[in-house]
Structures are given as structure tokens and as C-alpha cells.
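All remarks here apply to the structure that follows.
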Amino acid sequence: MSTHVGFDAWAALAGDSPTSRTEWAAVVAAWGEPHRRYHDLAHLAAVLGVAGRLAAGAPDRDAVLLAAWYHDVVYDPQRSDNEQVSAERAQAGLRGLVPEDRVAEVVRLVLLTATHDPGPDDANGAVLCDADLAVLAGPPEAYAAYASAVRAEYGHLSDEVFTAGRVAVLEHLLALPRLYRLPAVAGWEPRARANLGAELALLRSRAGGGGASGRAAPPPSAG
């Protein structure tokens, strides 16, 4: 297990107590569910690693890292409210482990990962969202592996329905004024947009240019 998701890393944020250890074990078990192909422990470790590097200037570094632990703790590809339920899970799980104002900030940050669109003065949100979307700026082969893993998580959907949802997600991301908000990672923007654009073009060509029909919750982009 990566040190990023080990108990020592968790305890630095939530303390070392029997309650804390039980909660950590439950969170790790949730991220290890067998249906996860991208939103798994490897993704959690990656987000924690990037967030840890970016959070030096965040007003509440611990809240950012705790939000990373919980941002997809509930992940069911057949529901559209994973962020909401994950936020509720964070609120319940952290009660008594960290101060109430930090719990509230964790909840707010987890909810923010539904849109990845933090406000201009939201430094905590910028760190978490940039870390969650870091996968988009990987080399083309790494991005392709990510996209394939997301498709595998939605294996219950037909290609037509999946494509409709995925196109909506890609269009939302490309419509954001900026994918990344922190100056330290502004250089990720061109490669991420190139990756997103290439996937979007591929999906549109497979759909024959006519779009896909069907109702389904749009598959998440990342995180």
C-alpha cells in the first residue's frame, strides 16, 4: 500500500485513536471496492501526492488533504450523486476526529469536485481540483489508460449511452475558463486540453457525428 494512503498519513490529519483507525480502515476499504477501475486506491494516492505538494500555500492544508481522502469515498457508476453522498460520509466519519469548522470545509471541498470550478479566491478548492484533474495532463498513453479505465467502470452502459455522457463531461471541462487554477501548474493546461480534445474528437467520430441518445448520469471526468 502506498505511504500516501497508509495509516500514518491519515493519523497526521485525524489523529491516532481507535475511532480514527476504524474510520481509516473503512475509507481504505471503500476505495478498494472491486468495481473501481480508475477511482481506486491508486487514484487516491495520486491525488493525495499532488495535493500534498500543492497545498503549501492553502489556508487549510489538512482540510484539503482530508477532502482528498473522501472525494470519491462513495463511488457508484449507476448514481449521479456520488459527490453529495461522499460529502455526507465525510461529515459523519470525521465527527469528533477534527474540529467542526474543518469538517465543514472538507464537506464543501468534496462537493466542489462535482464541478471542478472553484471561485477565484478559493485557494483550498484550487488545490483539490487541480490535484484531482492532474491525470488529464498526463502523456497521451497515460491519458488513454485513464479513459479506458473510466469506460470499464461504466461497463453496464452501452457505447451509445456512455458516449453521450462522456461527451457532456468533456465539453463541460473544455468550457471552463481554466482547467487549472494554481500558477504552479499552469503549464499543465495545453496538454490537458489537447488530451480532452483528442478524446472528444474520437468519441464524436465513433458516434457518427450525430450524437448519442439515451439517459444516463454523465460519467465523471476524474476524481
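Every number here is computed from the coordinates shown, using simple stated rules; none is lab data. Worth saying up front: this structure is predicted, and the values here are computed from it rather than measured. Glycine also receives a Cβ, built like all others from the backbone with ideal geometry; neighbour counts cover every protein chain displayed.
With a 10 Å cut-off between alpha carbons and a GNM built on the chain, which of GLU141, GLU171, GLU160 moves the most?
Of GLU141, GLU171, GLU160, the Gaussian network model singles out GLU141 as fluctuating most.
Positive end of the dipole of the chain, charges at C-beta (+1 Lys, Arg; -1 Asp, Glu), about the Cα centre: which of VAL106, GLY165, HIS4 has its Cα farthest in that direction?
My answer, from the dipole projection, is GLY165.
Among rounded, prolate and oblate, which fits the range 1-54 when a ≥ b ≥ c are the square roots of the eigenvalues of its C-alpha gyration tensor, a/c under 1.5 means rounded, and a/b larger than b/c means prolate?
In terms of gyration-tensor shape, oblate.
What is the fewest-to-most order of PHE7, PHE162 by other Cβ atoms lying within 10 Å of their Cβ?
Working: PHE7 15, PHE162 22.
The order, fewest Cβ neighbours first, is PHE7, PHE162.
In the range 10-106, which GluC sites (Glu not before Pro) are in a loop and have at most 15 other Cβ atoms within 10 Å, using DSSP for the loop call?
In loop regions of the range 10-106 (DSSP not H, G, I, E or B), there are no sparsely surrounded GluC sites (Glu not before Pro).
Mean-square fluctuation check for the chain, GNM, Cα pairs under 10 Å: which of ALA90, ALA26, ALA123 is largest?
Among ALA90, ALA26, ALA123, the largest GNM mean-square fluctuation belongs to ALA26.
Can you pull the Rg over Rh of the range 138-206, Cα-only, Kirkwood?
Numbers: Rg = 12.8 Å, Rh = 12.9 Å.
For the range 138-206, the value is 0.99.
Where a ≥ b ≥ c are the square roots of the eigenvalues of the C-alpha gyration tensor, would you call the range 3-135 rounded, which needs a/c under 1.5, or, failing that, prolate if a/b is larger than b/c, or oblate?
rounded
Taking the Cβ of each residue in TYR70, TYR75 as the centre, tally the other Cβ atoms inside 10 Å and list the residues starting with the fewest.
Listing TYR70, TYR75 from fewest to most nearby Cβ atoms yields TYR75, TYR70.
Can you sort VAL64, VAL161 by how many other beta carbons sit within 10 Å, fewest first?
Going from least to most buried by this count: VAL161, VAL64.
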